[in-house]
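Visitor: What follows is a structure written as structure tokens; I'll ask about it next.
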Amino acid sequence: MRNLLLGVDVRQGEASIKLNGATAEIERSTLRGGDGEIKVSGRADLGAKPVARLRLDADKFRVLGRIDRQLTASGTINLTASADQLRVDGKVRVDEGLFDLSRSDAPSLDDDVSIRQAGAASSAESNAPAASARPRRNQVVAIELDLGDKLRVRGRGLDTTLGGELRIGSTSGRLTVNGIVSASDGTYAAYGQKLEIERGMVIFNGDVENPALDVLALRPDLTSRPAWPSTARCGARACACTPAPT
């Protein structure tokens, strides 16, 4: 399985599945990605109430291998899928990664461009009532993500290593993220200067789109440092690394 644009290159796939009546059991299934591999085990019941239970064990598996997007990870993911529920849980650690935001993706169409395929449905057909949609599955997510100490991010003035631990879950069908992503050994080019990141934290407290920020970047040649208040708050949570600027 290859997608050069995304940097996916999975090789040497093997699978042995045993079928017995209304059940299917994976006896052996492996995939190679880079110098690592991922193993898949589990079974599926295909009767009146179908359900599948899978376990993925990754060992230094290369998820992305593009020159500007590289990601190698290890860990275990459990997946249970039935007609009314999809559950995903496990623990994953980033062994190594690089995301260079300074490189651009392939060209794409603007959002206001629409494409009509040849032989499209007539207006009468398009106005026909849509078939009743199947009810959505109840999605349950509980994943612990360890960013490790070799995840590098570059671009838009930023060059730093990211670390920390995140808990990815779900509430009422919406994805939630809790935890802290911290920057270390980083710089930020802004205002015609190259600032050193002394403290950089992105704090997630549920809403993935609205994290709290606690960032302090200074010129490396400062002769005196400003006096910050002795306490500060980041969003709804108190920072453990105070003092910090308000």
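Read the figures in this text as sums done on the coordinates, not as results from a lab. These numbers come from a predicted model, not from an experiment. Backbone-built Cβ (ideal geometry, glycine too); neighbour counts: all protein chains shown.
Visitor: Using 0.36 nm times the number of residues separating THR23 and VAL113, minus their current alpha carbon distance, what extension gain do you get? Working shown, then result.
Guide: On the way: separation 90, 0.36 × 90 = 32.40 nm, distance 4.65 nm.
Separation in residues times 0.36 nm, less the Cα-Cα distance, equals 27.7 nm.
Visitor: With each pseudo-label sitting 7 Å past Cα toward Cβ, what's the ASN3-ARG137 distance in nm, one decimal?
Guide: That separation, rounded to one decimal, is 1.9 nm.
Visitor: Can you tell me the length gained on complete extension of the stretch ARG219 to ASP149, counting 0.36 nm per residue apart and subtracting the Cα distance?
Guide: Numbers: separation 70, 0.36 × 70 = 25.20 nm, distance 2.47 nm.
Between ARG219 and ASP149, full extension yields an extra 22.7 nm.
Visitor: Turning to a different aspect of this structure: Quick one: which residues, 5+ away or cross-chain, put their amide H under 5 Å from the amide H of GLY148? H built at 1.01 Å from N.
Guide: VAL94, GLY164
Visitor: Shape of the stretch 1-119 from its Cα gyration tensor (a ≥ b ≥ c, root eigenvalues): rounded if a/c is under 1.5, otherwise prolate when a/b > b/c, or oblate? Don't skip to the answer; put the middle values down first.
Guide: Numbers: a/c = 2.19, a/b = 1.35, b/c = 1.62.
Oblate is the answer for the stretch 1-119, as a/c is 1.5 or above yet b/c matches or exceeds a/b.
Visitor: Now a separate question. Among residues other than VAL215 whose Cβ falls under 10 Å from its Cβ, what is the net charge (Lys/Arg +1, Asp/Glu -1)?
Guide: Details: positive: ARG199; negative: GLU198, ASP214.
My count for the surroundings of VAL215 gives -1.
Visitor: Tell me, what is the percent relative contact order of the stretch 15-122, built from C-alpha pairs under 8 Å that lie six or more residues apart?
Guide: For the stretch 15-122, the relative contact order is 16 percent.
Visitor: Same structure again: Using only the Cα atoms of the stretch 1-43, build the gyration tensor, take square roots of its eigenvalues as a ≥ b ≥ c, and label the shape rounded, prolate or oblate: rounded if a/c is under 1.5, else prolate if a/b is larger than b/c, else oblate. Numbers along the way, then the final one.
Guide: Working: a/c = 3.73, a/b = 2.44, b/c = 1.53.
Verdict is prolate for the stretch 1-43.
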